[in-house]
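The values are calculated or read from the model by the stated rules, or taken from the named source; none is laboratory data. This structure is a prediction, so every number in the text was calculated from the model and none was measured. These accessible areas exclude ligands, DNA and RNA; they are computed on the full protein's heavy atoms, side chains included. Shrake-Rupley method; radii C 1.70, N 1.55, O 1.52, S 1.80 Å.
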Amino acid sequence: MNDTRKQLVRMCESIADELDRVSCYGFMTKDGNSYWDDALDVEYTLDCNGDYVGVVVTVAVGGPTIEIDTMRGEVVGTWGTDEVSAGFDGETCDAIFDYWGDVLECMRPTR
């Protein structure tokens with residue numbers, strides 16, 4: 001395994017572990033900020049009825065790119081030709097899904 005791949009594995013595993021730790025605190029960090037303050041991009045997946053079914057949150061770009069994907073239940077990292085993933089707890093996945101679902105609902109126009 002090359003050095004960049006090893007680094008990528010460590011980064012993805014570290015993020016997955018951190019998500020498991022902070023999810024039980026509503027994604028609040030020790031310093032009182034939201035874990036999601038540093039999110040670079042949020043991509044929602046909606047089904048053909050417009051119902052929310054998943055979210056991908058980008059937390060790093062430009063070598064490596066790291067995304068948190070609720071449909072896969074994984075932190076996915078790519079760097080050059082390497083791609084790795086690290087899973088997180090199912091309850092963590094549900095909490096991420098719910099958090100971003102609430103954000104989406106706040107952005108949608110009232111019907």
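Quick notes on this structure:
- Sorting 6, 30 by solvent-accessible area of protein heavy atoms yields 30, 6, largest first, with a 1.4 Å probe.
- Accessible surface for residue 76 stands near 10 Å², nearest 10, in the context of the full protein assembly shown (1.4 Å probe).
- Cα gyration tensor, segment 1-90 - rounded (a/c under 1.5), prolate or oblate: oblate
- Relative to the longest principal axis of the Cα atoms of the chain, the long axis of helix 3-23 lies at roughly 40 degrees.
- If you take the Cα centroid of segment 49-111 and the Cα centroid of segment 9-28, the two points sit 13 Å apart.
- Largest GNM mean-square fluctuation across 41, 51, 94, computed for the chain with C-alpha springs under 10 Å, falls on 51.
- Degrees between helix 90-107 axis and first principal axis of the chain (Cα, 0 to 90, nearest 10): 50 degrees
- Accessible-area composition of the chain, carbon plus sulfur, in percent [1.4 Å probe]: 47 percent
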